[in-house]
């Protein structure tokens, strides 16, 4: 951290405090490289959350920069993403009103494509599109010492990965203690799924594995135990995957947590053998299924062997201790509610711990836009550009699904109702069964937020009783789930059954660990 007033501040607004910006730390680490003056000592990194009032953020940034000396240049670089573009636009507007001499540079995926009509780009002095590891320090040197840049919009220079300083030393002790640490063994993706920005990559590029593992060891020696890999395809190159997993197997501790995004249809035996060595609670896999519909897969340029994908998820459920997040996307071109439901039922039958239900978003620059006219794709004009309707799904059905996704997260993904949910997720289609409950709960409550665990217990009791389930059996299932969840209040339907409970003791477990524990219990 700079000891003097910085000339440059790297800033972003994170969705939550627990997130730590990997991109800004790359920029900070590379302020000392690529020729010219070493700017690392003149640069500070400051992160805020989108929940903080914009005027407070502006005040804090300007206070840190101090009163500008005559002729001196002050720079703030903002990382702009789909979740923070609104408040960041207002922040840039406010900063420019208060201190017009401030030079503001933008970067990040939200402003790297279709930037021509973005208000935030109009307000800023410069925009670097794409990679900024090399281009941002160069631009800062030009602004500080000349010659002044002639272009407002600068295409980012994509340097070789061996030319880029790794960012992991920039994680602070506070980051290590309280935040998720994002790391990447590779950048890019060889696949062309049209809803994803990685579809624009030519391939995947791997960092030198020896250097990368040495950096991870440095983090580990400093006490880091929470590692979230942002690689789009962690298991693309099995030799590298095995070395990374072996690295952590040699350093197993009870508080270690590893998150990987894996390709569902690529799980060879030697990788399975390595995965099987990890004890419960350490591995979390995000498995992007997205859709099982072959026609939709082909339409969006997604290559996926559905049979292999199902076999691999089944193996992971039965033969590993990994916590599995399987992803599905609703609203893809040509996907109907019925075909999506069939895919959901197929995935649900495999027994993944959580099924993440997303709604398609049209990220700027992604090729999914080419289907808008032919498939009636209408998107929200404001971030995060969620699809509002298609020719296969009308607006009312889209809203209905959005409610279902929210309720599914509260009831199923939370792990709070492991015994109760199977009471009504029965019949030929669990998806249809949950959709019926969704419609009932929405009609009864009219809300998707503010539903406490206790309220959900009582609503489930009412619903299951109404559809003919045996009342005392339902009550006992809800009682077991409520006790296992650790909740401490008294739902109306469980009055008199919650006597003599011990007071909850203090816990050092994170919410994520507790959520996994609920899934693993029983």
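Looking at 301, 309, which one is touching a residue at least 24 places away in the same chain (Cβ under 8 Å), under 20 Å from residue 352 (Cβ atoms) and in the same structural domain as residue 205 (by TED's automatic domain parsing)?
Details: 301 fails: under 20 Å from residue 352 (Cβ atoms).
Result of the check over 301, 309: 309.
Out of 223, 188, I need the residue that is in contact (Cβ under 8 Å) with a residue 40 or more places away in the chain, at positive phi and under 22 Å from the mean Cα position of the chain (by Cα). Which one?
Details: 223 fails: under 22 Å from the mean Cα position of the chain (by Cα).
Being in contact (Cβ under 8 Å) with a residue 40 or more places away in the chain, at positive phi and under 22 Å from the mean Cα position of the chain (by Cα) holds for just one of 223, 188, which is 188.
Residue 150 is checked against (1) within 24 Å of residue 363 (Cα to Cα); (2) not in a helix (DSSP H, G or I) and fails just one. What number does that condition carry?
That leaves (1) as the condition not met.
Mind checking which residues of region 355-369 are within 18 Å of residue 297 (Cβ to Cβ) and part of a loop (DSSP other than H, G, I, E, B)?
360, 366
Taking residue 60, is it surrounded by 21 or more Cβ atoms within 10 Å (Cβ to Cβ), in contact with a strand residue (DSSP E or B) (Cβ under 8 Å, 6 or more places away or on another chain) and more than 20 Å from residue 142 (Cα to Cα)?
Numbers: surrounded by 21 or more Cβ atoms within 10 Å (Cβ to Cβ): no; in contact with a strand residue (DSSP E or B) (Cβ under 8 Å, 6 or more places away or on another chain): yes; more than 20 Å from residue 142 (Cα to Cα): yes.
Judged against the criteria, residue 60 is not a match.
Among what's in region 96-124 and is touching a strand residue (DSSP E or B) at 6+ places or on another chain (Cβ under 7 Å) and crowded, with 22+ Cβ neighbours inside 10 Å, pick the residue that is nearest to residue 21 (Cα to Cα).
Restricting to residues being touching a strand residue (DSSP E or B) at 6+ places or on another chain (Cβ under 7 Å) and crowded, with 22+ Cβ neighbours inside 10 Å, the top hit is 108.
From 358, 331, which residue is closer than 25 Å to residue 86 by Cα, in contact with a strand residue (DSSP E or B) (Cβ under 7 Å, 6 or more places away or on another chain) and without any contact (Cβ under 8 Å) to a residue 60 or more places away in the chain? Please lay out each step first, then the result.
Working: 331 fails: without any contact (Cβ under 8 Å) to a residue 60 or more places away in the chain.
None of the other options fit; the residue is 358.
Out of the residues in region 370-383 that are touching a strand residue (DSSP E or B) at 6+ places or on another chain (Cβ under 9 Å), assigned to a loop (DSSP other than H, G, I, E, B) and modelled with pLDDT of 95 or more, state the one that is surrounded by the most Cβ atoms within 10 Å (Cβ to Cβ).
If we filter region 370-383 for residues that are touching a strand residue (DSSP E or B) at 6+ places or on another chain (Cβ under 9 Å), which is where we start, we get 372, 376-380, 383.
Going one step further and asking which of them are assigned to a loop (DSSP other than H, G, I, E, B), we end up with 372, 376-377, 380, 383.
This time we only want the ones that are modelled with pLDDT of 95 or more, so: 372, 376-377, 380.
Values: 372: 15, 376: 14, 377: 24, 380: 12.
That would be 377.
Being at negative phi, buried (at least 17 other Cβ atoms within 10 Å of the Cβ) and outside the structural domain of residue 465 (by TED's automatic domain parsing) is true for just one of 424, 401, 437. Which residue is that? Spell out the reasoning first.
On the way: 424 fails: outside the structural domain of residue 465 (by TED's automatic domain parsing); 437 fails: outside the structural domain of residue 465 (by TED's automatic domain parsing).
Result: 401 is the single residue among 424, 401, 437 that is at negative phi, buried (at least 17 other Cβ atoms within 10 Å of the Cβ) and outside the structural domain of residue 465 (by TED's automatic domain parsing).
Report yes if residue 412 is within 21 Å of residue 356 (Cα to Cα) and touching a strand residue (DSSP E or B) at 6+ places or on another chain (Cβ under 8 Å), otherwise no. Step through it out loud before you land on a result.
Numbers: within 21 Å of residue 356 (Cα to Cα): yes; touching a strand residue (DSSP E or B) at 6+ places or on another chain (Cβ under 8 Å): yes.
For residue 412, the condition - within 21 Å of residue 356 (Cα to Cα) and touching a strand residue (DSSP E or B) at 6+ places or on another chain (Cβ under 8 Å) - is met.
Among residues belonging to region 166-192 that are assigned to a loop (DSSP other than H, G, I, E, B), touching a helix residue (DSSP H, G or I) at 6+ places or on another chain (Cβ under 6 Å) and surrounded by 18 or more Cβ atoms within 10 Å (Cβ to Cβ), point out the one that is modelled with the lowest pLDDT.
Let us first name the residues in region 166-192 that are assigned to a loop (DSSP other than H, G, I, E, B), namely 166-167, 171-172, 179-180, 184-185, 189-192.
Checking the rest, the ones that are also touching a helix residue (DSSP H, G or I) at 6+ places or on another chain (Cβ under 6 Å) come to 166-167, 185, 189, 192.
The next check asks that each one be surrounded by 18 or more Cβ atoms within 10 Å (Cβ to Cβ); those that pass are 166-167, 185, 189.
Numbers: 166: 96, 167: 97, 185: 96, 189: 87.
Across region 166-192, the extreme among qualifying residues is 189.
Scan region 442-454 for residues that are more than 12 Å from residue 407 (Cβ to Cβ) and in contact (Cβ under 8 Å) with a residue 24 or more places away in the chain and report the count.
Selection size over region 442-454: 3.
Go over the candidates 250, 286, 295 one by one and state the one that is under 22 Å from residue 333 (Cα atoms) and in the same structural domain as residue 223 (by TED's automatic domain parsing). Walk me through it before giving the result.
Working: 250 fails: under 22 Å from residue 333 (Cα atoms); 286 fails: under 22 Å from residue 333 (Cα atoms).
Going through 250, 286, 295 in turn, just one is under 22 Å from residue 333 (Cα atoms) and in the same structural domain as residue 223 (by TED's automatic domain parsing): 295.
Name the residue that is surrounded by the most Cβ atoms within 10 Å (Cβ to Cβ), counting only residues in region 126-158 that are more than 20 Å from residue 111 (Cα to Cα) and out of contact with any strand residue (DSSP E or B) (no Cβ under 7 Å at 6 or more places or on another chain). Break it down into steps so the answer makes sense when it comes.
First, pick out the residues of region 126-158 that are more than 20 Å from residue 111 (Cα to Cα): 141-148.
Retained after the next criterion (residues that are out of contact with any strand residue (DSSP E or B) (no Cβ under 7 Å at 6 or more places or on another chain)): 141-142, 144-148.
Numbers: 141: 16, 142: 16, 144: 18, 145: 11, 146: 9, 147: 6, 148: 8.
Out of the qualifying residues, it is 144.
Tell me, please, whether a residue that is more than 19 Å from residue 196 (Cα to Cα), outside any helix (DSSP H, G or I) and under 19 Å from the mean Cα position of the chain (by Cα) can be found in region 302-320.
Within region 302-320 (the criterion being more than 19 Å from residue 196 (Cα to Cα), outside any helix (DSSP H, G or I) and under 19 Å from the mean Cα position of the chain (by Cα)), the answer is no, since none of the residues qualifies.
The values are calculated or read from the model by the stated rules, or taken from the named source; none is laboratory data. All of these numbers come straight from a predicted model, not from anything done at the bench. Cβ sites come from the backbone with ideal geometry, for glycine too, and all protein chains shown count toward neighbours.
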